[in-house]
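Structure, as structure tokens:
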Amino acid sequence: MSGPGAAVVAAVDVGTQSARLLVGDGAGELLRRSAITHLGRGVRERRTFEQDRLADTLDTLRDFRRQMDELGVVRARGISTEVVRLAGDPSAFLGPASEVLGFELELVSGEEEGALAFAGATAGLDPADGPFVTVDLGGGSCEFALGSQRCERVFSAAFGASVLTESYIERDPPRPEELIAALSIVEAHVDEVARTIPELREAGTFVGLGGTFTTMAAVEIGLVEYDPNQVHGFVLTRAAAEDVFRTLVTESHADRLHNPGLDPARGHTIVGGSCAVVAIMRYFGLDEVRVSERDLLDGIVGELLRGSTR
């Protein structure tokens, strides 16, 4: 970030599962908020937004606008990603959302999404631990980005926690064949990623971003109350990921919610999300993944503080 006295800036991200806000200045982070709105529910099948999900998301953005005003934000950028890319009429959301925010909510490509996430997640990492691969697992897509000092390659894969859960998980608790199907489709996507960017296999550090990674870390730690300071930088080992996976996907939804660290709003989609995490770790033979609370929001804020204009 820039030095003391820098302007107060904000980043907004609206995804398949959640809407998020980050406000910062030259001294650091002023506010970070996330609200699970499930805007993407059913969009892949119907190519339109459910009206209640649309209304809840717009209410959340109104609240974000109020908080930005209270903190004196002078410059902001907002983006939306896979959920809006899939909609038959993106303007049905982007228009009202931009009006509520008071600035344009942009629809960005998966490649730009991945590059911003890479910038935010790796800003504080030791270059000696690179090259880095950031795995930004969202509700509707998963961006793999590779680089050392900067992002060099990005591949946006068409799977995410919500998509996998909606497409493959029908029973509660899930049947083994449903889990196998979800794991297999992730493996197929990741195989395409690895063939496109073979250098991924040589990376020094894999960094996991998004609610699934942070939730699995929180469950492994056993956080009764979520603490981002304990989650950020947590090393999720392969053994721990497999253990959390087995716990979450073999329980019924009602039982699953009793696990400390699991946000009840993620009680359903964590099944597909945890399938994605273990499938990725198995495919690349990873012993561990470093979990990050820093992501594309941090990438946008850093960009704004450096005076970039879009």
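The values are calculated or read from the model by the stated rules, or taken from the named source; none is laboratory data. Note that this is a predicted model, so its numbers are computed, not measured. For neighbour counting, all protein chains shown are included, and Cβ atoms are generated from backbone atoms with ideal geometry for every residue, glycine included.
Things worth noting here:
- Qualifying position, being crowded, with 16+ Cβ neighbours inside 10 Å, more than 22 Å from Ala7 (Cβ to Cβ) and not basic (Lys, Arg), among Ala55, Ala115, Ala119: Ala115
- Summed over region 186-203, the residues that are surrounded by fewer than 20 Cβ atoms within 10 Å (Cβ to Cβ) and of a type in the set (A, V, I, L, M, F, W, C) give a count of 3.
- Against the test of being closer than 24 Å to Phe155 by Cβ, surrounded by fewer than 23 Cβ atoms within 10 Å (Cβ to Cβ) and among the basic types (Lys, Arg), the options Arg75, Arg62, Arg66, Arg85 yield a single qualifying residue, Arg85.
- Qualifying residue in region 164-171 (condition: of a type in the set (Ser, Thr, Tyr), in a helix (DSSP H, G or I), touching a His at 6+ places or on another chain (Cβ under 7 Å) and buried (at least 17 other Cβ atoms within 10 Å of the Cβ)): yes
- Just so you know, in region 2-17 the residues that are at negative phi and surrounded by fewer than 24 Cβ atoms within 10 Å (Cβ to Cβ) include one that is modelled with the highest pLDDT, and it is Val8.
- Candidate set from region 286-308 (those that are part of a loop (DSSP other than H, G, I, E, B) and in contact with a helix residue (DSSP H, G or I) (Cβ under 8 Å, 6 or more places away or on another chain)); member that is surrounded by the fewest Cβ atoms within 10 Å (Cβ to Cβ): Asp287
- Test: residue in region 173-180 that is outside any helix (DSSP H, G or I) and either touching a Lys or Arg at 6+ places or on another chain (Cβ under 7 Å) or of a type outside the set (D, E, K, R) (or both): yes
- Selected residue [surrounded by fewer than 23 Cβ atoms within 10 Å (Cβ to Cβ), closer than 27 Å to Asp13 by Cα and in contact (Cβ under 8 Å) with a residue 12 or more places away in the chain] from Val207, Val231: Val231
- Only listed residue being surrounded by 24 or more Cβ atoms within 10 Å (Cβ to Cβ), of a type outside the set (S, T, N, Q) and either at negative phi or at pLDDT 95 or above (or both), chosen from Gly130, Gly124, Gly147, Gly160: Gly160
- Any hit, region 165-179, residues being closer than 20 Å to Thr134 by Cβ and either of a type in the set (Asp, Glu) or not assigned by TED's automatic domain parsing to the domain that holds Gly42 (or both): no
- Within region 246-274, the residues that satisfy the criterion of being assigned to a helix (DSSP H, G or I), hydrophobic (A, V, I, L, M, F, W, C) and more than 16 Å from Thr16 (Cβ to Cβ) are Leu248, Val249, Ala254.
- Scanning region 210-228 for residues that are over 21 Å from Leu31 (Cβ atoms) and small (Gly, Ala, Ser), we see that the one that is surrounded by the most Cβ atoms within 10 Å (Cβ to Cβ) is Ala217.
- Exclusive hit being at pLDDT 95 or above and part of a strand (DSSP E or B), set Val193, Val154: Val154
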